[in-house]
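Scroll down for the structure; my scribbles are underneath it.
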Amino acid sequence: MKNTLILHINDTSIDEALLSQAADAINQNKTVILPTETVYGLGANALNSEAVEKIFIAKGRPQDNPLIVHVSNMNMLEKCVKSIPEDALSLIHAFWPGPLTLILEKSDLIPHNVSAGLNTVGVRMPDHPIALKLIDLANTPIAAPSANRSGKPSPTTAEHVISDMQGRVDVIIAADHSRIGLESTVLDMTHNPPMILRPGGVTLSQLQMLIPEITIDPQVHHSVDSPRSPGMKYTHYAPQAEMTMVRGDHSKVIKKITHLMDEHKHLNCAIICAEEHIQDYPNQNCLSLGSLSNPAFMASQLFTILRKCDELQLDYVITEAFAEEEMGLALMNRLKKAVGYKILDV
Ligand code: AMP
Ligand code: MG
């Protein structure tokens, strides 16, 4: 067990003296959990393989799952990659800082454990004042996957990280709820045309405004055996409960879910649904993601709701399906993984 230092830092008025302690820890090749606009990240010096090794150990992350490297300026980016192609530059100008990870050819400075042996590296510039300031103060790129234990939903609040990681890392920066609440969009720039490996905060239509040819890897919609993004093959985000998704015409969905709830009434059950639909399941335990009129908010609540399933010690959870448009694509991608791709079409 490590003696974890917890630093409470406010997003809007950053205490630089406190944050310097975290930057010093990064420079001593220690592990630091930092807030970002997507989810909390478990960070270490991306240029030091021993520091990076500690991330894998703290998370219990499989060695073949590469990490995303976070930078705070273009000089740092240039250190991490072989070259920055023209189309990558235009995406950077449009979407950085922000939830867009670009897969580019890695430079020799990036250790092999960061990229899990691949010759590419995922890089992004987070849109979060604490994350950016920390990288600046440490003056080194920070490798940071989501700060959950492997297999658990990504953490979007300080409470989540403290409960998962206290005693496993050197420093935790406890700040606000992650604004976006789902991980970044991962875009493979080494594929021609560029391909979305993981949907996230920057949507397909936003990317296609700059590069119309951009496509989506088929594994975003289905489970496949050997995805291009290694991380996509692991079961993620799954609560302890048995989970199923019911998809189709809403009146049929209501009937099916009500029937399934009845069949499982001897268990501790819940329904994950839109706020507008709570009334369709009278006397049932509903966990609302929020209103259908605000898909970005629904996406930001997903990991909190999935963690709630475990807090409530649920045995059986049914979720509605949502429109796979804009942020809904990322929401449904994570939700399908949470149900282990068990989907009942009605
Ligand atoms: P996390 O940091 O936990 O959000 O996970 C990072 C995600 O980015 C995983 O799904 C990885 O498989 C993916 N990723 C990172 N680097 C690469 C890379 N070089 N090539 C393909 N996917 C990557
Ligand atoms: Mg993750």
- line: Computed ³J(HN,Hα) along region 100-115: with the Karplus parameters 6.51/-1.76/1.60, θ = phi - 60°, integer Hz and x for glycine or proline, the list is 10, 9, 9, 8, 10, 5, 7, 8, 6, 6, 7, x, 5, 6, 5, 9
- line: Computed about the Cα centre, the charge dipole of region 194-346 from +1 Lys/Arg and -1 Asp/Glu charges at the Cβ has a magnitude in debye, to the nearest 20, of 320 debye
- prompt: Can you sort Leu109, Leu134 so the residue with the fewest Cβ neighbours within 10 Å comes first?
  reply: Leu109, Leu134
- prompt: Out of residues 5 or more away from Ala174 or on other chains, whose amide H comes under 5 Å of its own, with H placed 1.01 Å from N in the peptide plane?
  reply: Leu7, His8, Ile9
- prompt: For the chain, rounded, prolate or oblate, judged on the Cα gyration tensor with a ≥ b ≥ c (square roots of eigenvalues), a/c < 1.5 rounded, else prolate if a/b > b/c?
  reply: prolate
field: Computed [θ] at 222 nm, deg cm²/dmol, the chain (DSSP H ≥ 4; -39,500 (n - 2.57); rounded to nearest 500)
entry: -9500 deg cm²/dmol
query: Taking amide H positions as placed 1.01 Å from N in the peptide plane, with prolines and chain starts having none, which residues 5 or more places from Lys82, or on another chain, fall under 5 Å of its amide H?
result: Glu105, Lys106, Ser107
- request: Give, rounded to the nearest 20 debye, the magnitude of the charge dipole that region 1-122 has about its Cα centre when Lys and Arg contribute +1 at Cβ and Asp and Glu contribute -1 at Cβ.
  value: 400 debye
Three-way shape call for region 26-168 based on the alpha-carbon gyration tensor, with the a/c threshold at 1.5: prolate
message: Quick check: residue separation of Leu18 and Lys255 times 0.36 nm, minus the Cα distance between them. What number comes out in nm?
response: 79.9 nm
statement: Assertion target for Glu263, Glu53, ordered by fewest C-beta neighbours within 10 angstrom first, is Glu263, Glu53
- request: Express in whole angstrom the spacing between the alpha-carbon centres of region 38-71 and region 307-330.
  value: 27 Å
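Kirkwood Rh over Cα pairs of region 56-120 into Stokes-Einstein at 4 °C, 1.567 mPa s: D in µm²/s? Walk me through the intermediate numbers first.
Values: Rh = 12.8 Å.
Once the numbers are plugged in, D ends up at 101 µm²/s.
Rounded to the nearest 5, what % of DSSP beta bridges with both residues in the chain are antiparallel? Don't skip to the end; give the middle numbers.
Details: 16 of 46 bridges.
Bridges in the chain are about 35 percent antiparallel.
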task: Report the net charge of residues surrounding Asp164, where surrounding means a beta-carbon distance below 12 angstrom and charges are Lys +1, Arg +1, Asp -1, Glu -1.
output: +3
message: Give me, ordered by chain and number, the residues 5 or more places off Cys286 or on other chains with an amide H under 5 Å from its own placed amide H.
response: Ile271
- request: Using a 10 angstrom cutoff on alpha carbons, build the Gaussian network for the chain and name the most mobile of Tyr237, Tyr281, Tyr40.
  value: Tyr281
Acute angle (nearest 10 degrees) that the helix 129-138 long axis makes with the longest principal axis of the chain, alpha-carbon atoms: 30 degrees
field: Cβ-Cβ FRET estimate between Lys342 and Ser83, R0 fixed at 41 Å, reported to 0.05
entry: 0.45
Whole-Hz ³J(HN,Hα) from phi, Karplus 6.51 cos²θ - 1.76 cosθ + 1.60, for region 26-40, glycine and proline x: 4, 5, 8, 6, 9, 9, 9, 8, 10, x, 9, 6, 8, 9, 5
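As a quick test, which of the pairs Lys59/Lys79; Lys54/Lys82; Lys133/Lys336; Lys54/Lys106; Lys54/Lys342 have an alpha carbon distance above 30 angstrom in this structure?
In this structure, Lys133/Lys336; Lys54/Lys342 lie more than 30 Å apart at Cα.
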field: aspartates and glutamates with Cα under 14 Å of Lys2, excluding same-chain neighbours fewer than 8 positions away
entry: Asp164, Asp170
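Please express the shape of region 190-346 as an equivalent ellipsoid: the semi-axes are the square roots of 5 times the eigenvalues of the C-alpha gyration tensor, given largest first in whole angstrom. Mind dumping the intermediate values first?
Working: eigenvalues 173, 57, 36 Å².
Ellipsoid semi-axes (Å, largest first): 29, 17, 13.
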- prompt: Each label point is 7 Å from the Cα along the Cα-to-Cβ direction; what then is the distance between the points at His221 and Glu105, in nm?
  reply: 3.2 nm
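No value in this document is a laboratory result; all are computed from the given coordinates. If you're wondering where the values come from, they're calculated on a predicted model, not measured in any experiment. Methodologically, a virtual Cβ is constructed for each residue, glycine included, from the backbone with ideal geometry; neighbour enumeration extends over all protein chains shown.
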